[in-house]
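The values are calculated or read from the model by the stated rules, or taken from the named source; none is laboratory data. All values derive from a computational prediction rather than experimental measurement. No Cβ is skipped: glycine too gets one built from the backbone with ideal geometry, and neighbour counts run over all protein chains shown. In case anyone asks, the SASA skips ligands and DNA or RNA and just uses the protein heavy atoms, side chains included. Shrake-Rupley method; radii C 1.70, N 1.55, O 1.52, S 1.80 Å.
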Amino acid sequence: MGKAIGGGNVVLYYGVNNLTTYFNQASISRDNDLKDVTDFADTSREYAKGLNSGGATLTGLYDDTAANIDAILNTAFAAAAGTVLTIGPVRDTIGRAAYLLLSQKSKYEIPARVEEIVALAADIQADGGVDRGIWLHAAGAETGTVNSASVDNSASSSNGGVAHLHVSAITATSVTVKIQHSANDSTWADLATFAAFAPSTGSERLVVAAGTTVDRYVRCIISTFVGTTVTYAVAFARR
């Protein structure tokens, strides 16, 4: 039986920003809109699976200095497009759980009370649901082409998936990050290729089409690199 793991291990990547140090509580929800299909002949209620939904509630510590959490969340709140959000309940070690969602901000609060540290709270609605996946690259720097460690899913899957890339720092003119898959952990094929962000930081969410076979093993690679260093994190979820 698995053992409980302390909540201090949580990591949170929001667009190009690592917001881990701003928050002390994160609640992730995955919901399904069940439809009542009970008929006259039934003796108990019956339900059919409906649309998936979900989101996250984040609470933490307020900071209004330049380029910090207040500015980050207010900019995102005003934007029409969603923000790529990836949460790791037990850090971002390769193979550990990651929750992937495209964030739409529904509420941002700054509860201030006498003799208390100013706090903040954000309610986030997932655009496209919440996917449970794995980390393929922990947030960290690479200085050239690299093949990260592979992750074994024990079997292939057949309904595509979703991939997240968070590039938080870069000194380069050309960097290509890919997710590859393999049936035997030896021969690899490209599954998803992220857009090149060099020389700027950025984040991206890629959806691998429903019905696409994803082989048993997956990994993250940098296939081309021209520059000095890039700091990034990658997660992938099968569907």
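The number of residues in region 187-226 that are over 23 Å from Ala139 (Cβ atoms), open to solvent by 30 Å² or more (accessible area, probe 1.4 Å) and not acidic (Asp, Glu) comes to 9.
Of all residues in region 53-73, which are in a strand (DSSP E or B) and either loosely packed, with under 12 Cβ neighbours inside 10 Å or among the β-branched types (Val, Ile, Thr) (or both)?
Here is the first cut: in region 53-73, the ones in a strand (DSSP E or B) are 53-61.
The answer is Thr57, Thr59.
The lone criterion from (1) among the hydroxyl-bearing types (Ser, Thr, Tyr); (2) at pLDDT 90 or above; (3) closer than 23 Å to Tyr232 by Cβ; (4) open to solvent by 70 Å² or more (accessible area, probe 1.4 Å) left unmet by Thr83 is number (4). Listed by first and then second residue, the pairs linking a residue in region 20-40 that is farther than 30 Å from Ser168 by Cα to a residue that is among the small types (Gly, Ala, Ser) and at pLDDT 90 or above, with Cβ atoms under 6 Å apart and 6 or more places separating them unless they lie on different chains, are Asp31/Gly54; Lys35/Ala48; Val37/Ala48. No other residue among Arg132, Arg91 is on the phi > 0 side of the Ramachandran plot and not β-branched (Val, Ile, Thr) apart from Arg91.
Please indicate, with yes or no, whether at least one residue in region 108-129 is within 24 Å of Phe225 (Cβ to Cβ) and open to solvent by less than 70 Å² (accessible area, probe 1.4 Å). No: region 108-129 contains no residue that is within 24 Å of Phe225 (Cβ to Cβ) and open to solvent by less than 70 Å² (accessible area, probe 1.4 Å).
Candidates in region 31-52 are the residues that are charged (D, E, K, R) and modelled with pLDDT of 90 or more; of these, the one that is least open to solvent (accessible area, probe 1.4 Å) is Asp42.
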